[in-house]
Amino acid sequence: MNRRRISIGAAGVVIAALAIAAAIIYKPAIAPISPPAPDSFDAQLKREGARVVALGDCAVCHTAKNGRPFAGGLPLATPFGTIYATNITPDPRTGIGAWSEAAFARAVRHGVSRDGHLLYPAFPYVHFTRMSDHDIAAAYAYLMSREPVQATVPANELMFPLNFRPPLAFWNLLFLRPGPHEADASHDAQWNRGKLLVDGLGHCASCHSPLNAIGGEKAGHAFDGGIVDGWEAPPLNVLDSAAKPWTREQLVTYLRTGRASEHGAAAGPMLPVTRDLATVPADDVEAIATYILSLQKGASPAPERVATREATSAGQRGAVLFNASCAQCHGAASPMQTIGERPTLAFSTAVNAGTPRNAVQMILNGITWHGEDSINYMPAFSGVYDDRQIADLVAYVRGAYATKPAWPDAQPLVAGLRKENSAR
């Protein structure tokens with residue numbers, strides 16, 4: 001009798017657990033609609049939507065290399081495989097043309113697609129959940145007013161069992177905290193606007209924070225720095241400990257132009273972000289800078305100047321390469337240094353970083369030509385120098401310009417990053 005009761009009780013527990021799991025996992029579909037006409041949206045709302053979409057960097061992730069804007073297909077590398085960004089143009093078959101505003105809002109705030117399947121958190125809905133109703137409506141109006149692009153994106157390439165979406169519901173229980181942004185009365189309106197943009201729409205912590213073993217942002221380590229597409233997203237909470245502490249004005253200029261006179265130029269995944277921020281009102285970027293600078297942990301004691309190191313063979317070889325390919329822009333007497341607003345490498349964030357990752361990536365990839373912003377241009381050297389030569393070059397730059405200890409030999413890192421870059 002006791003065994004029977006135990007069996008019945010255990011079965012009841014299992015059934016209840018399955019029912020709870022089903023309730024957590026199941027998300028109903030929202031009925032499709034006919035794509036609304038672009039002129040059905042208020043013109044001012046669409047203009048505001050362009051601002052919201054730029055602040056959210058939507059084009060950065062949803063546009064493939066040489067692809068149509070917002071048509072998806074960009075590969076997003078994760079530790080678990082590759083996710084391809086979706087098509088968010090108003091094409092009814094391959095994009096979001098059949099999505100109502102309610103379906104769009106649910107995806108933005110809860111990570112659920114119109115048909116009920118769960119979205120991978122490479123889409124930063126854990127931050128977008130803080131967006132206001134008005135901002136979501138504006139973004140919807142803007143995106144639904146764009147030209148539809150029929151484009152089917154590649155299937156995701158994720159390891160098992162992460163290619164199975166239902167477990168994402170339990171990931172959301174751990175990391176998704178839906179709800180509006182609450183203003184902090186102890187700070188002024190600009191700070192609160194900056195917090196809303198940084199923590200919400202701008203989702204800065206998604207890139208600039210380390211991730212845990214299951215892809216969530218590590219608790220207690222927000223803005224401590226992360227890795228994105230092979231680049232280091234540097235910590236945002238130690239800007240006052242840089243070789244030259246960042247000022248608010250420098251940070252605003254960097255975010256709007258992609259360069260700061262005493263810190264360096266944006267490259268890699270950050271470069272298109274600055275190009276988006278160049279299109280939004282200055283007030284938004286000033287608020288972002290104000291909030292970020294309030295996150296500082298406090299300047300650490302100024303490091304003692306590292307004693308001049310005996311020239312190594314790597315550094316000597318690197319000096320030859322630097323004089324051949326770099327000195328015309330980065331040398332002390334170069335025109336770029338005297339009239340071109342390029343910062344000295346002594347203050348460069350990449351050169352003073354804890355690892356040579358970004359310095360290597362900068363040399364491998366350069367900064368693409370962008371018309372009137374050609375001051376930010378730097379040619380790529382991936383096809384010019386081999387792994388040993390690039391490692392020698394970063395060894396020389398570190399020793400010649402930084403006040404910090406030498407990096408370890410970068411050749412294995414160069415080889416690994418070159419391979420990763422070629423796969424993207």
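We did not get these values from a lab; they are worked out from the coordinates using the rules stated. For clarity, every value in this text was computed on a predicted model and none was experimentally measured. For neighbour counting, all protein chains shown are included, and Cβ atoms are generated from backbone atoms with ideal geometry for every residue, glycine included.
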Number of Lys pairs in the chain closer than 26 Å at Cα, excluding neighbours under 8 places apart unless interchain, is 10
Among (1) 28.7; (2) 23.7; (3) 22.1, the value of Kirkwood radius over Cα pairs in Å computed for this structure carries the label (2)
Loop-resident trypsin sites (Lys or Arg not before Pro) in the stretch 153-261 with no more than 16 other Cβ atoms inside 10 Å, DSSP not H/G/I/E/B, are Lys218
The distance between the Cα centres of the stretch 386-424 and the stretch 350-364, in whole Å, is 7
Between the residues Val60, Ile33, Ala141, the Cα farthest towards the positive end of the dipole of the stretch 28-175, that dipole coming from +1 and -1 charges on the beta-carbon of Lys, Arg, Asp and Glu, is from Val60
